[in-house]
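Each value in this text was obtained by applying a stated rule to the coordinates, not by laboratory testing. For clarity, every value in this text was computed on a predicted model and none was experimentally measured. Every residue, glycine as well, gets a Cβ built from its backbone with ideal geometry; the counts of neighbours run over all protein chains shown.
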Amino acid sequence: MYFTTQSESKGAAVTTLHGVVSRSYAEFMSVYSDSDASLIADELLLQSLGNNDVAARIAIADQLLDDGADPAAQYQDGDCANTLHVLLGRGLHDFEAEVPLLTRLLDGGADINKVIRKFGTPLETLAAQFKFSDERLAPFYDVLFARDDLDLMQTSVHDRSVYANVQKWVQRREALVARMDEHLRDR
């Protein structure tokens with residue numbers, strides 16, 4: 001007869017959670033327990049922000065945040081992308097519906113100015129989503145530009161400022177560059 005130890009049981013629960021965090025909210029909740037996730041809530045939050053089902057992304061991330069996941073979580077390997085990079089780097093969005101989640105991450109301490117080697121800051125990560133027009137990205141821009149801690153002049157990738165990096169895309173991001181100019185004038 002084979003008995004599972006408590007640690008083997010926890011390992012199985014963790015594996016199961018990793019498997020469903022990118023699925024529907026109902027599938028996630030069918031195996032989720034805040035006590036099971038307590039040790040890996042931050043990792044699950046980062047994974048949930050990459051869920052291609054936008055409604056599930058929001059619901060799962062909100063559940064994990066409610067249960068204590070750190071809004072400022074970041075991957076510990078490679079560039080250490082944070083929650084904002086993961087969320088803003090997605091190719092599928094419901095921008096209006098995701099505004100409260102983006103705001104919650106920022107209010108909870110996610111670093112709006114965190115630079116990662118591949119994508120730069122969260123704003124640069126968002127601006128590089130060329131499949132979306134500035135008009136479609138405006139709800140996210142509104143949240144980011146409302147922050148007092150947004151630093152457009154900090155050094156980012158290629159040893160250029162965030163402003164200089166985004167300005168190179170002026171033909172595709174004219175409205176964003178204009179908004180950045182206004183932001184800098186008003187400071």
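Listed options for percent of Cα pairs over 20 Å apart are (i) 60; (ii) 56; (iii) 65. The value calculated from this structure is the one marked (ii). Between region 114-187 and region 48-63, how many Å separate their Cα centres? Region 114-187 and region 48-63 have Cα centres spaced 24 Å from each other.
Give the residue list of chymotrypsin sites (Phe, Trp or Tyr not before Pro) in region 99-175 that are DSSP loop and have at most 12 other beta-carbon atoms within 10 angstrom. If you can, show how the numbers build up before the last one.
Values: sites: 119, 130, 132, 140, 141, 145, 163, 169; in loops: 119, 130, 132, 169.
Counting only loop positions with at most 12 other Cβ atoms within 10 Å, the chymotrypsin sites (Phe, Trp or Tyr not before Pro) in region 99-175 are 130.
Quick one: net charge around residue 167, please, counting Lys, Arg +1 and Asp, Glu -1 for every other residue with C-beta under 10 Å from its C-beta.
Local net charge: +2.
Comparing 148, 62, 42 in a Gaussian network model of the chain (Cα springs below 10 Å), the most mobile by mean-square fluctuation is 148. Highest mobility in the GNM of the chain, judged by mean-square fluctuation with C-alpha springs under 10 Å and restricted to 55, 146, 164, is found for 146.
Charges only on Cβ, +1 for Lys and Arg, -1 for Asp and Glu: so what's the dipole of the chain about the Cα centre, in debye to the nearest 20?
On the way: 18 positive and 30 negative charges, 150 e Å.
Charge dipole of the chain: 720 debye, to the nearest 20.
Note on the chain: dipole from Cβ charges, positive end direction compared against 81, 60, 15; the farthest Cα belongs to 81. Relative contact order of the chain, taken over Cα pairs closer than 8 Å and 6 or more residues apart, is 14 percent. Remark: spin-label model distance residue 97-residue 77 equals 3.1 nm, labels positioned 7 Å along the Cα→Cβ axis. Dipole size of region 128-173 about its Cα centre, with +1 on Lys/Arg Cβ and -1 on Asp/Glu Cβ: approximately 320 debye, rounded to the nearest 20.
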